[in-house]
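Structure first, commentary second.
The values are calculated or read from the model by the stated rules, or taken from the named source; none is laboratory data. The structure presented is a predicted model; accordingly, all values stated were derived computationally and were not measured. In case anyone asks, the SASA skips ligands and DNA or RNA and just uses the protein heavy atoms, side chains included. Shrake-Rupley method; radii C 1.70, N 1.55, O 1.52, S 1.80 Å.
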Amino acid sequence: MTILITLLVYFGALLVLSRLTTRHSSNDTFYRGNRQSPWPLVAFGMVGASISGVTFISVPGMAVTTQFTYLQMCLGFAVGYVVVAFVLLPVYYRLNLTTIYSYLQTRLGQQAYKTGAGFFLLSKILGSAVKFGVICMVLQRFVLDALHIPFALTVVLMMGLIWLYTRRGGIKTLVFTDTFQTFCMFAALLLIIWQVNSALHYSLSDSLRAIVADEHSHIFVWDDFMSRQNFWKQFLSGIFVVVVMTGLDQDMMQKNLTCKGLREAQKDMCSYGFAFAPVNLLFLALGILLMMYYHKTGQALPAVSDDLMLQVIAGGQLGTWVVILFTIGIVAACFSSADSALTALTTTFCVDICNQRRDERLRKWSHLGVSVVFVLFILIFRYVNSTSLIDAVYTIVSYTYGPLLGLFAFGLSTKRKVND
């Protein structure tokens with residue numbers, strides 16, 4: 001019951017923020033936030049939006065399988081964000097774009113424009129539905145089953161809430177709700193780390209020394225070029241991942257396009273880009289502390305690395321309050337990525353596919369329709385319960401970014417015109 005009350009208070013706070021940010025809302029408010037967003041809020045909120053609920057669960061487990069080598073990729077992320085800030089953002093702001101795929105229309109014509117927008121719609125709705133569905137399943141298994149709430153109702157209620165607080169203000173609302181959710185996520189993460197420290201009877205200095213001394217805190221792999229964890233492979237991959245999956249993704253770029261000007265957007269982009277390494281360092285440090293807890297209590301490490309956090313924390317071994325913190329953290333991470341995906345999909349469908357940026361009726365119905373499609377996909381993934389199906393979805397999503405990269409690279413690197 002305490003968990004349910006906490007969630008209701010959390011959801012109530014989101015609705016209050018939505019109400020406060022939707023006065024005199026319009027399509028320009030929904031799509032671009034009237035270009036009035038303070039860049040520090042955008043930067044802070046984007047950190048949470050970039051960390052999905054799946055990441056919240058998975059990164060601590062990486063300490064078991066790949067040690068701290070994931071930080072090599074995070075360093076590449078930082079460079080990638082600088083590339084996006086000083087190569088792509090100037091183009092988007094110079095053309096005063098609502099969606100980034102409008103660039104393809106001005107540069108390569110209508111066919112390339114529709115192709116790019118279509119690839120984004122396909123990849124984002126499949127990928128986001130899978131991620132959101134996985135988190136719904138985790139919450140159902142560890143929290144909501146005990147409250148006898150059916151899974152279908154969980155999905156409908158959670159998606160319905162996201163629709164409710166984004167339906168009027170859109171991206172303007174998300175700038176503020178993501179700031180709130182990022183704060184909740186970090187507060188939950190830090191309090192969970194503190195609670196695990198307490199269970200180990202560690203002070204802060206004790207835990208820092210233990211983490212540094214642990215063999216799993218190894219970061220750099222320089223000598224084995226054949227290893228997937230080799231520094232240059234990870235570092236360069238991180239750069240390209242950010243350029244493609246952030247710079248060419250309407251979901252990730254839409255909040256950045258709400259800043260007052262290019263300079264503020266660049267400061268926002270660089271700020272949250274450099275925040276990635278320390279944020280993920282906290283998650284990985286939690287992974288080592290959890291391994292120490294398993295060793296202290298005589299438990300075998302889970303066969304699946306993702307269960308490292310779930311078995312101890314969501315399983316209730318550290319008490320009800322830690323379960324509550326876990327629930328808040330995972331819901332905050334999940335919502336901050338799902339709500340921006342919903343808004344970006346609605347924007348792309350209305351502006352890019354239907355060419356109707358002023359039609360509020362179309363925008364409202366499209367927003368509701370995308371929400372319904374989300375629910376349907378999640379229920380399909382749940383009841384088919386096929387790992388091969390989910391793997392196939394991720395494979396499809398990985399292929400859709402290749403054509404987007406090709407279209408933008410061609411447009412940016414050549415002056416040739418393509419006639420429809």
(request) Keeping all protein chains in place, calculate the accessible area per residue for region 47-193 (probe 1.4 angstrom), answer in Å². (result) 32
(request) Would you mind getting the accessible area per residue of region 235-299, heavy atoms of the protein chains only, 1.4 Å probe, in Å²? (result) 33
(request) Quote the Stokes-Einstein diffusion coefficient, in whole µm² s⁻¹, for the chain, based on the Kirkwood radius over alpha carbon pairs, a temperature of 10 °C and a viscosity of 1.306 mPa s. (result) 72
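How long is the gain from Leu4 to Arg358 if the chain were fully straight, where each residue apart is worth 0.36 nm and the alpha carbon distance is subtracted?
Working: separation 354, 0.36 × 354 = 127.44 nm, distance 3.96 nm.
Gain on stretching Leu4 to Arg358: 123.5 nm.
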(request) State the percentage of accessible surface on region 70-164 attributable to carbon and sulfur atoms; use a 1.4 Å probe and exclude ligands, DNA and RNA. (result) 70
(request) Only Cα pairs under 8 Å and at least 6 apart count here; give the relative contact order of the chain as a rounded whole percent. (result) 39
(message) Run lengths n ≥ 4 of DSSP H only: what is the helix-derived mean residue ellipticity at 222 nm for the chain, with -39500 (n - 2.57) per run over all residues, to the nearest 500?
(response) -23500 deg cm²/dmol
(message) Can you list the DSSP H helices in the chain whose Cα atoms extend at least 15 Å along the helix axis and whose mean Kyte-Doolittle hydropathy is -0.5 or higher?
(response) 2-21, 39-50, 53-65, 70-83, 110-139, 151-166, 171-200, 231-245, 276-297, 320-347, 360-384, 387-413
(request) Just reorder His218, His148 by solvent-accessible area, largest first, 1.4 Å probe, all chains present. (result) His148, His218
(request) If a/c stays under 1.5 just call it rounded; otherwise compare a/b with b/c (prolate if a/b is bigger, oblate if not). Do that for region 1-124, with a ≥ b ≥ c from the square roots of the Cα gyration tensor eigenvalues. (result) oblate
(message) How large a share of the accessible area of region 1-49, in percent, is made up of carbon and sulfur atoms when the probe is 1.4 Å and the other protein chains stay in place?
(response) 69
(request) For region 235-369, give the percent of accessible area contributed by carbon and sulfur heavy atoms, probe 1.4 Å, rounded to a whole number. (result) 62
